[in-house]
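Asker: This structure is in structure tokens; I'll ask about it shortly.
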Amino acid sequence: MKKEFNSEELTIPTHVAIIMDGNGRWAKKRLMPRNFGHKAGAKVVEQICEDAYNLGIKYLTVYAFSTENWKRTVEEVTGIMNLLRNYLKDCIERASKNNMRVRVIGDRTALDADIVERIEELEKMTAQYDGLQFTIALNYGGRDEILRAVKKIASNVKEGTLDVENIDETCISSYLDTNDIPDPDLMIRTSGELRLSNYLIWQLAYCEFYFTDVLWPDFTVEHLKEAILHYNGRDRRYGGVK
Ligand code: FPP
């Protein structure tokens, strides 16, 4: 028998990270261009933010564009960037209505100046909101994030503001883009792919993974609940013995 979802009896993960995969295949199945799938996927992001918060999830992080996604056609990259432009613009109003704080992680140096401006404005405008803590990974790669952190650490050591003896895991975490966000408890990847694709590779060290065949534009609150039920069946030992 299928287990019932009763949020009072369940442990709700504090931080859920999602790899929203399958937009292209969803569009192809409908004989539509890939960007049609991304557009549908962006709509699902809006809904899942509300659903996640209503379920008691405090932090939600989504992978919108990876450092490797530039290899896609110019048409697709432009389409995703335009979607993000519009999303960031509309997000200010939605975030204030829902008390949602928005952060963007990743390397901003390769993004168009107007997108960077919108990100900065959105982060500033929503910084005081204590509802859902929503993070968008944009031009993000886990290795790139670690590389940027290592460079900052090295330069601080060189200029004398950081002592080599004080470099520990907490110190490294504080140099990452996610420095003020707790590590994810549950990582969901849609579309049946069983890879991490360079997503939050430092932060996911002790995370529980949940993979589903559902394509991202078809993902609903019911799938999110299913993932949380699976999460509750896991025994998190963090390398210890219970
Ligand atoms: C992966 O599906 C999806 C992406 C690389 C882009 C995700 C972007 C969005 C959902 C839209 C914008 C995001 C926000 C935050 C509004 P895929 O294209 O790799 O699908 P496929 O594996 O079926 O080809």
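Read-outs throughout are calculated quantities, based only on the coordinates presented, and are distinct from any laboratory measurement. Bear in mind the structure is a predicted one, so any value in this text is a computation, not a measurement. Cβ atoms come from the backbone with ideal geometry, glycine included; neighbour counts cover every protein chain shown.
Asker: Considering the stretch 105-123 alone, what residues qualify as being part of a loop (DSSP other than H, G, I, E, B) and touching a strand residue (DSSP E or B) at 6+ places or on another chain (Cβ under 8 Å)?
Answerer: Across the stretch 105-123, the qualifying residues are G106, D107, L111.
Asker: Further question: Does A127 qualify as being in contact with a Phe, Trp or Tyr (Cβ under 8 Å, 6 or more places away or on another chain) and either more than 15 Å from the ligand (Cβ to nearest atom) or touching a residue at least 40 places away in the same chain (Cβ under 8 Å) (or both)?
Answerer: no
Asker: Strands (runs of 3 or more DSSP E) wholly in the stretch 130-242 with at least 1 residues that are within 22 Å of R108 (Cα to Cα) - which ones?
Answerer: Strands (runs of 3 or more DSSP E) meeting the threshold: 133-140.
Asker: Which members of the stretch 37-60 meet the condition of being closer than 20 Å to N82 by Cα and more than 10 Å from the ligand (Cβ to nearest atom)?
Answerer: Of everything in the stretch 37-60, just one residue is closer than 20 Å to N82 by Cα and more than 10 Å from the ligand (Cβ to nearest atom), namely Q47.
Residue by residue, here is whether (1) surrounded by 17 or more Cβ atoms within 10 Å (Cβ to Cβ); (2) over 26 Å from D90 (Cα atoms); (3) touching a residue at least 40 places away in the same chain (Cβ under 8 Å) holds:
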| residue | (1), (2), (3) |
| --- | --- |
| A113 | no, no, no |
| T135 | yes, no, yes |
| K158 | no, yes, no |
| V164 | no, yes, no |
| D185 | yes, yes, yes |
| I201 | no, yes, yes |
| A205 | no, yes, no |
| L215 | yes, no, yes |
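Asker: Now a separate question. Can you tell me how many residues in the stretch 73-92 are free of Cβ contacts under 8 Å to residues at least 12 places away in the same chain, more than 20 Å from I119 (Cα to Cα) and within 12 Å of the ligand (Cβ to nearest atom)?
Answerer: Of the residues in the stretch 73-92, 1 are free of Cβ contacts under 8 Å to residues at least 12 places away in the same chain, more than 20 Å from I119 (Cα to Cα) and within 12 Å of the ligand (Cβ to nearest atom).
Asker: Within the stretch 19-26, is even one residue at positive phi, surrounded by 21 or more Cβ atoms within 10 Å (Cβ to Cβ), in contact (Cβ under 8 Å) with a residue 24 or more places away in the chain and within 14 Å of the ligand (Cβ to nearest atom)?
Answerer: Checking the stretch 19-26: at least one residue is at positive phi, surrounded by 21 or more Cβ atoms within 10 Å (Cβ to Cβ), in contact (Cβ under 8 Å) with a residue 24 or more places away in the chain and within 14 Å of the ligand (Cβ to nearest atom).
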